[in-house]
Amino acid sequence: MADEASIDPAHDTGEGVRRRDFINIAAVSFAGVGGLAALVPLISQMSASADVLAESSTELDISAIQPGQAIKAVFRKQPVFVRNLTPAEIAEAGKVDPGSLRDPQTLEERTKEGKTNWLITMGVCTHLGCVPLGAGEGEVKGEFGGYFCPCHGSSYDTAARIRKGPAPKNLEVPPYEFTSDTVVKIG
Ligand code: FES
């Protein structure tokens, strides 16, 4: 029976190798074009009830996110959480001595000046990459009120800092900027 090992060795001639190289180069080139396309800002409108936005979104209208609410968006094919913290959640984050944390950071260091209520992080657990709960309506937030990863029980606080469980780092803050009071550009 023919299998990989019995394929004609002529396929492994220099020509075959060059052909494979071409295919690889073509694939890389395509990825490059895709990467550039991803840099082009795409506006995605958000309704109050929608918590999942188009995968290609890099600019988000956050005007409908009320204090205490969060949405899930997608940035570079990975989930991103955008959360409007309540004053109580901000105060809760401020109570913690950063020096006592596994990955020491203040909420201020994880947010933009004057906008500490807007917590924008990747929705990817820093343990093994599951998507934590807490951004969707009704999802459990874990014992520290931020996010909870159901895969192995990592709990993040209201600044999305790791507080308990196996995850080594806080949820990553992606590069972003506010292009207006209500629009944030991620990336
Ligand atoms: S992947 Fe989140 S705790 Fe393991």
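Any read-out appearing in this document is the output of simple, stated calculations on the displayed coordinates, not a laboratory observation. Remember, it's a predicted structure, so these values are computed and weren't measured experimentally. Here the Cβ positions follow ideal geometry from the backbone for every residue, glycine too, while neighbour counts run over all protein chains shown.
Out of the range 89-144, which GluC sites (Glu not before Pro) are coil in DSSP terms and have no more than 13 other C-beta atoms within 10 Å? Please list the in-between numbers first.
On the way: sites: Glu89, Glu92, Glu108, Glu109, Glu113, Glu137, Glu139, Glu143; in loops: Glu113, Glu137, Glu139, Glu143.
Here the GluC sites (Glu not before Pro) that fit, given the DSSP loop and packing criteria, are Glu113, Glu137, Glu143.
Working out 0.36 nm times the residue gap between His152 and Cys130, then minus their Cα-Cα distance, what length gain in nm do you get to one decimal?
Full extension of this stretch gives 7.0 nm more.
Which order do the peptides 119-132, 172-185 come out in when sorted by mean C-beta neighbours inside 10 angstrom, highest first?
Per-residue mean Cβ counts within 10 Å order the peptides as 119-132, 172-185.
Which lysines does Lys112 reach when only Cα atoms under 24 Å apart count, and residues fewer than 8 places away in its own chain are ignored?
Lys72, Lys77, Lys95, Lys141, Lys169, Lys185
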